Amino acid sequence: MIDESKKRLQNLLLFNRVELTLLPQENNYILLIELTERLYLYPFPIFTLHDRDWDKLSYGFSLAHLNFRGQNEKLKLAFWFNYQPGYGISYSDQWAGDSLHLTTYFSIGKYSVNHRTLDFE
């Protein structure tokens, strides 16, 4: 049961290290759980080259929180500028509805599209 519990904790992908140790006492046992949490907040750059033209480069940044609200939910914010500026936010929960085992994903954003053959004026 200890190995199965260790695998379940590792499969959450929330910890870098999981150690379970059973310590014998006089009439019972104590289960010692040692965990090392991983980083949850990740900033990263965004670079998009449109139509294989360096004059049509979009760039920006994004911030991902991979353990939002402490329940392994993911929240991402993104902002990009230059050729096709925009922004967006997304949320996902891989285990919504405890007994139903549902996956939830929401995303909303706004961005400009410059199309090389269509003119929207």
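Which pairs do you get when a residue that is among the acidic types (Asp, Glu), found in region 1-25, comes within reach of a residue that is in a strand (DSSP E or B) and loosely packed, with under 11 Cβ neighbours inside 10 Å, reach meaning Cβ atoms under 6 angstrom, with the pair 6+ apart or on two chains?
Glu19/Glu34
Do you know which residues across region 31-52 are among the charged types (D, E, K, R) and assigned to a strand (DSSP E or B)?
Glu34, Glu37
What single numbered condition from (1) surrounded by fewer than 11 Cβ atoms within 10 Å (Cβ to Cβ); (2) in contact with an Asp or Glu (Cβ under 6 Å, 6 or more places away or on another chain); (3) not charged (D, E, K, R) fails to hold for Thr104?
(1)
Among (1) surrounded by fewer than 14 Cβ atoms within 10 Å (Cβ to Cβ); (2) within 16 Å of the chain's Cα centre (by Cα), there is one condition Phe47 misses while meeting the rest; what is its number?
(2)
Within region 58-91, track down each residue that is part of a strand (DSSP E or B), open to solvent by less than 60 Å² (accessible area, probe 1.4 Å) and not hydrophobic (A, V, I, L, M, F, W, C).
Ser58, Gly60, Ser62, His65, Asn67, Glu73, Lys74, Gly86, Gly88, Ser90, Tyr91
Is it the case that Asp55 is open to solvent by 50 Å² or more (accessible area, probe 1.4 Å), of a type outside the set (A, V, I, L, M), in contact (Cβ under 8 Å) with a residue 40 or more places away in the chain and not in a strand (DSSP E or B)?
Spelling it out, it is not the case that Asp55 is open to solvent by 50 Å² or more (accessible area, probe 1.4 Å), of a type outside the set (A, V, I, L, M), in contact (Cβ under 8 Å) with a residue 40 or more places away in the chain and not in a strand (DSSP E or B).
Report, by residue number, each residue of region 14-40 that is surrounded by 11 or more Cβ atoms within 10 Å (Cβ to Cβ), under 26 Å from Leu66 (Cα atoms) and aliphatic (A, V, I, L, M).
The answer is Leu14, Val18, Leu20, Ile33, Leu35.
Search region 1-13 for residues being assigned to a loop (DSSP other than H, G, I, E, B) and open to solvent by 90 Å² or more (accessible area, probe 1.4 Å), and hand back the single one that is farthest from Gly70 (Cα to Cα).
The qualifying residue farthest from Gly70 (Cα to Cα) is Met1.
The values are calculated or read from the model by the stated rules, or taken from the named source; none is laboratory data. As the structure is a prediction and not an experimental result, all values here were calculated from the model. Counting neighbours? That spans all protein chains shown, and the Cβs are built from the backbone with ideal geometry, glycine included. The protein model used for the area step is the full one, side chains on, heavy atoms only, and it has no ligands, DNA or RNA in it. Shrake-Rupley method; radii C 1.70, N 1.55, O 1.52, S 1.80 Å.
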